[in-house]
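The values are calculated or read from the model by the stated rules, or taken from the named source; none is laboratory data. This is a predicted model, so every value here is computed, not measured. In this analysis, Cβ positions are derived from the backbone assuming ideal geometry, glycine residues included, and neighbour counts consider all displayed protein chains. Just the protein is used for accessible areas: all its heavy atoms, side chains included, with ligands, DNA and RNA removed. Shrake-Rupley method; radii C 1.70, N 1.55, O 1.52, S 1.80 Å.
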Amino acid sequence: VGLDKMLVDDIGDVTITNDGATILKMLEVEHPAAKILVELAELQDQEVGDGTTSVVIIAAELLRRANDLVRNKIHPTSIISGYRLAMRESCKFVEQHLARSIESLGKDTLLNAAKTSMSSKNIGSDPDFFAAMVVDAVLAIKTIDDTGSYKYPIKSVNILKAHGKSAHESRLIKGYGINITRAAQGMPKYVANAKIALLDVNLQKEKMKMGVQILVKDPLELERIRAKELDITRDRIKLLLDAGANVILTTKGIDDMALKYFVEAGAIACRRVPKEDLKRIARCSGGKLISSFADMEGNESFDSACLGAAGFVGEERVGDDDILVVGDTKESKSATLLLRGANDMMLDEMDRALHDSLCIVQRTLESNTVVAGGGAVEAALSIYLEMLATTLGSREQLAIAEFAEALLVIPKVLAVNAAKDATDLVAKLRAYHHTAQTNPAKKHLSGFGLDLVNGVVRNNIEEGVLEPAMSKIKSIQFATEAAITILRIDDLIKLEKEDEEEAA
């Protein structure tokens, strides 16, 4: 459900996406107030990972309604205090009345949260397949931190993209995959009990540093200098192999001359590995990234404690390319999602969609509470805040009533995107939530939200349309804070650049 945007930048690169943060990042926004909304989407992306579009829509609607109030001679300070109160009450209401624990809903909760996240994306046409893959990937990287609580570092999931086949051929690889190949064909394709040396060092022929001059009188000396240059690299490789390394990954180059030593030792060596990947492999395998062989005495040495350990390192053929998989690592587990698809644009959008889903599953596991999706939370909060507004005898009453109205923008936009009658559906949804909050016997109706496929109102908790409670709370907090930041501004002073001719 929902349509995509096609963005073409100044050099003609095309991006097709419906991820709010990506769209706003690519629009080079000039207006200072609009930049606050762009940063808002980025903040939601960092904190929660999904819901970037919702947070901008809510913030924009809050501002629009605040503007109407200001026109009606209500001071921005009253509006701000009303919005703050509404935000606090909303978050409290979600936590106390709408949030459900994962345990009470059963084991499919994670799958359902992942499916809900990807329902508006291009992989939403086959949610069962991708949701299972995402949940397996997140559960594969489970670690325990110092405080004894479980953490799921999403950066341990690497997403690789390869052209060809259909999206259905995508798969989960246990281990950290990187898009590089062995440096020479004579090296083994698979090494068990791998000891991994992670280098940020050039293993090419050692050259004289810039600005060093040597006066040579005897031509034989020149030959000896050249031989020594080769020997320096050979000695470094010998240090690595003597320390027990049988997989060598470096961010810089390896000479063809140097490769023969690795081939003879039966080790895998890879050059030009991205530094970001090396850091992640170091974290997973317990190794250290070495940027120099120099030790405290001024000699060169390599400590075997710097080696990372993995159950295996092997090369796999995928489409036209080879990938290197580091599996069964010592310190923490890692996983790789290998995506297949027809073209770059589709693969990029799949990558963004899966990243959002990974973050949602991670947040669900870490916070342990979920809420119903499909506009249920916003409709419930709208009814609750309207009732709250009528109990207040101050000016904030108007601001809270407008806040309540503004939240309804989410179910309205959802209905419009699904080509349904928004006015009719939102009215029905509000009726259900009003009954749920006024009649204690009908409290179960608080889980009702929109079914956008059939255009009806249904119980989304039972149907498995779920989102982490944290996502909703954060988006309400961030949207309100952004709206308040802009509301506090009463004047814009812009310094124009002087024309050089006038200055002259």
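Going by what's in this entry, would A353 be described as farther than 25 Å from L62 by Cβ, under 34 Å from the mean Cα position of the chain (by Cα) and open to solvent by 70 Å² or more (accessible area, probe 1.4 Å)? No; evaluated as a whole, the condition is false for this residue. For region 42-55, the criterion of being under 25 Å from the mean Cα position of the chain (by Cα), open to solvent by 50 Å² or more (accessible area, probe 1.4 Å), over 21 Å from L358 (Cα atoms) and in contact (Cβ under 8 Å) with a residue 60 or more places away in the chain is met by none of the residues.
Among the residues of region 366-398, those identified as among the charged types (D, E, K, R), out of contact with any Asp or Glu (no Cβ under 9 Å at 6 or more places or on another chain) and more than 14 Å from V426 (Cα to Cα) are E366, R395, E396.
The single condition among (1) in contact with a Lys or Arg (Cβ under 7 Å, 6 or more places away or on another chain); (2) buried (at least 21 other Cβ atoms within 10 Å of the Cβ) that T435 does not meet is (2). Scanning region 77-90 for residues that are buried (at least 18 other Cβ atoms within 10 Å of the Cβ) and either closer than 24 Å to D50 by Cα or modelled with pLDDT under 90 (or both) yields Y83, A86, M87, S90.
Condition check ((1) without any contact (Cβ under 8 Å) to a residue 24 or more places away in the chain; (2) within 13 Å of L337 (Cβ to Cβ); (3) not β-branched (V, I, T)) across all residues:
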| residue | (1), (2), (3) |
| --- | --- |
| G106 | yes, no, yes |
| G124 | no, no, yes |
| D128 | yes, no, yes |
| M133 | no, yes, yes |
| D146 | yes, no, yes |
| I154 | no, yes, no |
| K161 | no, yes, yes |
| S166 | no, no, yes |
| L172 | no, yes, yes |
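Any residue in region 455-464 that is among the polar types (S, T, N, Q) and surrounded by fewer than 23 Cβ atoms within 10 Å (Cβ to Cβ)? Yes, region 455-464 contains a residue that is among the polar types (S, T, N, Q) and surrounded by fewer than 23 Cβ atoms within 10 Å (Cβ to Cβ).
State all residues of region 115-126 that are more than 16 Å from the chain's Cα centre (by Cα) and modelled with pLDDT under 85; if no residue qualifies, say none. S119, S120, N122, I123, G124, S125, D126, listed by residue number. Residues in region 54-69 that are touching a Phe, Trp or Tyr at 6+ places or on another chain (Cβ under 9 Å) and of a type outside the set (V, I, T): A59, L62, R65, A66. Being more than 30 Å from A192 (Cβ to Cβ) and open to solvent by 10 Å² or more (accessible area, probe 1.4 Å), is that true of even one residue in region 319-335? Taking every residue of region 319-335 in turn, none turns out to be more than 30 Å from A192 (Cβ to Cβ) and open to solvent by 10 Å² or more (accessible area, probe 1.4 Å). I'd like to check something: does region 268-275 contain any residue that is more than 28 Å from the chain's Cα centre (by Cα), touching a residue at least 12 places away in the same chain (Cβ under 8 Å) and either surrounded by fewer than 19 Cβ atoms within 10 Å (Cβ to Cβ) or within 22 Å of A305 (Cα to Cα) (or both)? Yes, that holds for at least one residue. Here the strands (runs of 3 or more DSSP E) wholly within region 144-215 that include at least 2 residues being open to solvent by 20 Å² or more (accessible area, probe 1.4 Å) are 157-163, 171-174, 190-199.
Would a scan of region 256-265 turn up a residue that is of a type in the set (G, A, S) and buried (at least 16 other Cβ atoms within 10 Å of the Cβ)? So far as region 256-265 goes, yes, one or more of its residues are of a type in the set (G, A, S) and buried (at least 16 other Cβ atoms within 10 Å of the Cβ).
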